[in-house]
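Read the structure below first, then the notes.
Every read-out reported here was derived from the displayed coordinates using simple, explicitly stated rules and does not represent laboratory data. Note that this is a predicted model, so its numbers are computed, not measured. Cβ placement follows ideal geometry from the backbone for every residue including glycine, while neighbour counts extend to all protein chains displayed.
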Amino acid sequence: MSDAAVRELSPLALAFVGDGVFETLVRTALVQNTRLAPGRLHAMAVKFVSAPGQFRILEFLLPHLTEEELAVVHRGKNSSKASVAKHATPEQYRASTAFESLLGWLHLTGQQPRIEQLFDLVWRQFSPEFLQR
């Protein structure tokens, strides 16, 4: 997909893709780095991919983002969804959408190494905390 075509996508479309990207990254990392039973794997994945989890992840990543990435995050935060998750505040939900928009944009613009770089930062920062709960 061309950069111009990706720029024309709505932040919610980017978030739709980014949700799948992040879910795959988290599941892969959990399987590669733990020996948890399937039910426990799912419970751990949910901690990462939930709106409150993604809110914390985005807050951590903000200083590591480029100006262009920050612009994508800003667009994602300002997009509106019809509903809000029942276990998240509106602020957490908007941040979650922004984070997923960023991952969707990076994926669709072919920036896989950057996705991996950011995910590595996230995994090193948060995996012990999330896995111990």
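Odds and ends about this structure:
- Dipole axis of the stretch 5-79 (+1 Lys, Arg; -1 Asp, Glu on Cβ), positive-most option in Gln54, Val73, Gln32: Gln32
- Think of the chain as having a plus end and a minus end, set by charges on the Cβ of Lys, Arg, Asp and Glu; of Ala13, Val122, Gln112, Val122 sits farthest toward the positive end of this dipole.
- Each helix, a run of at least 4 DSSP H residues, gives -39500 (n - 2.57); summed and divided by the residues of the chain, these come to -25000 deg cm²/dmol at 222 nm.
- Inter-site label distance for Glu23 and His87 at 7 Å from Cα along Cβ, in nm: 1.5
- The convex hull of the Cα atoms of the stretch 3-132, projected and averaged over all directions, covers 7.8 nm².
- Assigned charges on the beta-carbon of Lys, Arg, Asp, Glu; the chain dipole about Cα centre (debye): 580
- Whole-Hz ³J(HN,Hα) from phi, Karplus 6.51 cos²θ - 1.76 cosθ + 1.60, for the stretch 87-99, glycine and proline x: 10, 9, 7, x, 5, 5, 5, 5, 5, 4, 4, 4, 4
- Most mobile of Gly76, Gly53, Gly104 in a GNM of the chain (Cα contacts under 10 Å): Gly53
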